[in-house]
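One structure is given here, and the rest of the page talks about it.
The values are calculated or read from the model by the stated rules, or taken from the named source; none is laboratory data. Values in this document were obtained by computation on a predicted structure and should not be read as measured data. Because the Cβ atoms are built from the backbone with ideal geometry, glycine has one as well, and the counts that use them run over all protein chains shown.
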Amino acid sequence: MARLSYVEKDRGSAEQEKILSQLTQKSGKIANLWKMWAHSPQTLEAFMPFYKSVMKGLLDAKLRELAYIKTSLVNDCAYCAGPHKSMGLRAGLTEQQIQDIDNYKSSSAFSEAEKLVLQYAEELTRNVKRTDDLLEQLKKHLTEGQIVELNLTIGMANLTNRFNVSFATDPD
C-alpha cells in the first residue's frame, strides 16, 4: 500500500490537473508514479521534458533499457523494472536477455557492449563510482555523448526507483 495518496486528475488543484492531463495515456490511464509525484506539480512538470529527452537521445534504445532494467533490479524496484522490461522487448531485447540480466557476466545472450552497459549500471547504482578501466572499455563501444546519456539514464532510473520504493508506489 502506497505511503502517500495519489492525486486524481479530477480532484487535484488546477496545476495538478494540468500536468496530469499531459500525462494521461491513450487508454485514459495515468501511471501511479505520476499521480504520486503530482503532489509537487512544478517538479513533475520540470522533470518530464528531461525524461523524454533522455529516453529519445543518442544512446541506442536497447542499451538504455538494459541500463534502466539493471538499475531497477539492483534497487529492487519492481514498479520500474516491469514496464522497462516491456519497453526493452519493444526496443529489440530478447526474452533470453531479460531473463539473463542478473547473470549477464556469464550469459552468451549479451554482446560485449551490452555486458559493459550492465556492469556500468550496476557499479554506478551500488557504488556511485565506476572503475577507470570500465569507462575505457565503454569508450571502445560508445561515443562520449552516448556515455553521458548512459549516465543520465542510470541516474534517472535511480531517482524514479528510490521515489517508488520509498513511497511503496502501487503497481499500475
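Within the span defined as the stretch 111-119, every residue fails to be buried (at least 21 other Cβ atoms within 10 Å of the Cβ), under 18 Å from residue 154 (Cβ atoms) and touching an Asp or Glu at 6+ places or on another chain (Cβ under 7 Å).
Listed by first and then second residue, the pairs with beta-carbon distance under 8 Å, at least 6 apart or on different chains, first residue in the stretch 84-110 and in contact (Cβ under 8 Å) with a residue 60 or more places away in the chain, second loosely packed, with under 15 Cβ neighbours inside 10 Å, form an empty list. Evaluate the following for residue 134: is it part of a helix (DSSP H, G or I), touching a residue at least 12 places away in the same chain (Cβ under 8 Å) and in the same structural domain as residue 80 (by TED's automatic domain parsing)? Judged against the criteria, residue 134 is a match. Can residue 114 be described as touching a helix residue (DSSP H, G or I) at 6+ places or on another chain (Cβ under 8 Å) and acidic (Asp, Glu)? Yes; evaluated as a whole, the condition is true for this residue.
State whether one or more residues within the stretch 72-94 are closer than 19 Å to residue 138 by Cα, among the hydrophobic types (A, V, I, L, M, F, W, C) and in the same structural domain as residue 118 (by TED's automatic domain parsing). Within the stretch 72-94 (the criterion being closer than 19 Å to residue 138 by Cα, among the hydrophobic types (A, V, I, L, M, F, W, C) and in the same structural domain as residue 118 (by TED's automatic domain parsing)), the answer is no, since none of the residues qualifies.
Across the stretch 129-147, the number of residues qualifying as exposed (fewer than 15 other Cβ atoms within 10 Å of the Cβ) and more than 20 Å from residue 105 (Cα to Cα) comes to 3. Within the stretch 57-72, the presence of at least one residue that is surrounded by 23 or more Cβ atoms within 10 Å (Cβ to Cβ), outside any helix (DSSP H, G or I) and either free of Cβ contacts under 8 Å to residues at least 24 places away in the same chain or touching a helix residue (DSSP H, G or I) at 6+ places or on another chain (Cβ under 8 Å) (or both) is confirmed. Scanning the stretch 14-56 for residues that are without any contact (Cβ under 8 Å) to a residue 60 or more places away in the chain, within 21 Å of residue 172 (Cα to Cα) and not in a helix (DSSP H, G or I) yields 23, 24, 25, 26, 27, 28, 30, 38, 39, 40.
Do we find a residue being of a type outside the set (Phe, Trp, Tyr), touching a residue at least 12 places away in the same chain (Cβ under 8 Å), under 20 Å from residue 31 (Cβ atoms) and assigned to a loop (DSSP other than H, G, I, E, B) anywhere in the stretch 154-169? Scanning the stretch 154-169 turns up at least one residue that is of a type outside the set (Phe, Trp, Tyr), touching a residue at least 12 places away in the same chain (Cβ under 8 Å), under 20 Å from residue 31 (Cβ atoms) and assigned to a loop (DSSP other than H, G, I, E, B). Remark: pairs (first residue in the stretch 118-131, of a type in the set (S, T, N, Q); second residue surrounded by 12 or more Cβ atoms within 10 Å (Cβ to Cβ) and not in a helix (DSSP H, G or I); Cβ separation under 8 Å; 6+ apart in sequence or on different chains) = 125/75. Out of everything in the stretch 1-59 that is more than 17 Å from the chain's Cα centre (by Cα) and hydroxyl-bearing (Ser, Thr, Tyr), what residue ends up being farthest from residue 87 (Cα to Cα)? Top of the filtered list is 13.
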